[in-house]
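Step one of this worksheet: look at the structure below.
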Amino acid sequence: MRCATGFASAVALSWLVAIVALVTGAPSAGAAGLSEVIGQVQPKIVKIYGAGGFQGLEAYQSGMLISGEGHVLTVWSYVLDTDEITVTLDDGRRFKAQLLGADPRLELAVLKVDATGLNHFELAAATKAEPGTRVLAFSNLFGVATGDEPASVQHGLVAIKSQLEARRGVFDTTYKGPVYVLDAMTNNPGAPGGALVDYEGRLLAMLGKELRNSLSNTWLNYAIPIEEMATTVDEIRTGKFVRKPNDEPNKKPDKALNLALLGIVLVPDVLERTPPFVDAVRPDSPAALAGVQPDDLVLFVNDRLVQSCKALAGELEFIDRIDAVKVTVIRGQDLVDVTLAAPAEEK
C-alpha cells in the first residue's frame, strides 16, 4: 500500500479536480466544459462492495454501467469472491449483484443488477487514445464515496500505449496485453474497474489493478483499452460463461468424472466458499500427466467459472469420465490451460 502522504495527496487531488472542474468548467472539452462532461459520466460509475481479503485487503472496488438493464463491467478480483456482492449507483440506490462471468486473462468481470433505464456507456462507441491524450479517470479510490456521493475524478495524460507482456517477470499480473500507461496516480485501492474517458466523455479504457514493479518497487498506473475486452464482454452477456441455470434439466452421465479419478486433492473444504486450491496431485494420474501442480488455483472447467471446491466438484458431475476435460488454473501470476485425459481404466 502507498504511504499516508500518497493517500492524502491522491484523495485531495481527485476531489480538487472534480471541484475545480465543476466550478469553472475549464479547460473546455469541445463544446462542453469539464463540468458538463463530469456530470454526464458520473451516473455511469458504480461502487462495488464484496469480500475483503487477508492482510487487510479492501472489500470494495469500482465499476461502470454498460447497459440500461444493469450490466456492470469491472475488474476480476478477490472482492467478487462472495455471494453477497453489492452495487451502489450514483443516486445512492443499492442492489445485490449477480456475477455473470469473468475472464481473468483480461482482468474483467461482468455483473448484473436488477434495474432498468440506467445511464450507461455503449462499449461499441468506445474510442482509442494516443500518447498525449488528456484523460479523466473516474473511480471510488480509497472508498471515499459510500452512497450518492460522486466518484472521485482525476485528470492526466496517456503517456504511452505499451504491452504488459514485455514486462513479464517485472510486473505481477495475469494480463499480458496492451495498456495505456497513465501520467496520473489512478491505480489506488478501490480504483480498479473505474472508467477512463477523454475530455469529451468518450470511454477509452477500464482502470486496472494496483501493479507494482517487483524489481524497483515502483507503481504502474495503467488502464486496459475497451477494444481488448469488448468481444469477451459480449460473450459473457450472451451466456458463454454463465453456469447452467437451476431450472435446466440435469443431464448427468451415468459415470461422471470426479476429483479422485483425475488425481486431484483439493485443500480442505472448511469454508462456505473455499477456493479450489490444489493441495496434492496423485502420481501417474491424469492431473499429474497434464502438469497440474500443488498450489494451482482452479478457475475454469471447460470454460465454466468455478469459484469454490464445491462448485468444481459439481461441474465435474456433468462430464462423462470417458471424456477429456480442459482445466484453467492460475499458477503464481500466470494462467495455464491443461487438458486432462480420461482415466486409463475408462479408455
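Key figures
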quantity: Subset of region 291-303 [surrounded by fewer than 20 Cβ atoms within 10 Å (Cβ to Cβ) and either of a type in the set (A, V, I, L, M, F, W, C) or under 18 Å from Pro253 (Cβ atoms) (or both)]; calculated: Leu297, Asn302
quantity: Answer residue from region 248-287, given it is assigned to a strand (DSSP E or B) and not small (Gly, Ala, Ser) and is surrounded by the most Cβ atoms within 10 Å (Cβ to Cβ) among those; calculated: Ile264
quantity: Exclusive hit being hydrophobic (A, V, I, L, M, F, W, C), crowded, with 18+ Cβ neighbours inside 10 Å and either under 14 Å from the mean Cα position of the chain (by Cα) or in a loop (DSSP other than H, G, I, E, B) (or both), set Leu99, Leu136; calculated: Leu99
quantity: Within region 271-324, tally of residues that are under 27 Å from the mean Cα position of the chain (by Cα) and of a type in the set (Asp, Glu); calculated: 6
quantity: Unmet requirement for Ser62, which otherwise passes all of (1) closer than 30 Å to Asn302 by Cβ; (2) not in a loop (DSSP other than H, G, I, E, B); calculated: (1)
quantity: Qualifying residue in region 152-172 (condition: surrounded by fewer than 18 Cβ atoms within 10 Å (Cβ to Cβ), at pLDDT below 85 and among the polar types (S, T, N, Q)); calculated: yes
quantity: So Thr86, is it among the hydroxyl-bearing types (Ser, Thr, Tyr) and in contact with a Leu (Cβ under 8 Å, 6 or more places away or on another chain); calculated: no
quantity: Region 190-225: number of residues that are part of a loop (DSSP other than H, G, I, E, B) and at pLDDT 90 or above; calculated: 10
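Residues checked against (1) at pLDDT 95 or above; (2) more than 18 Å from Thr232 (Cα to Cα); (3) among the small types (Gly, Ala, Ser); (4) touching a Cys at 6+ places or on another chain (Cβ under 7 Å):
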{"site": "Lys47", "(1), (2), (3), (4)": "yes, yes, no, no"}
{"site": "Ala59", "(1), (2), (3), (4)": "no, yes, yes, no"}
{"site": "Leu65", "(1), (2), (3), (4)": "yes, no, no, no"}
{"site": "Asp91", "(1), (2), (3), (4)": "yes, yes, no, no"}
{"site": "Ala115", "(1), (2), (3), (4)": "yes, yes, yes, no"}
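The values are calculated or read from the model by the stated rules, or taken from the named source; none is laboratory data. Remember, predicted model here, so these are calculated numbers, not experimental data. A quick note on method: Cβ atoms are made from the backbone with ideal geometry, for glycine too, and the neighbour counts reach across all protein chains shown.
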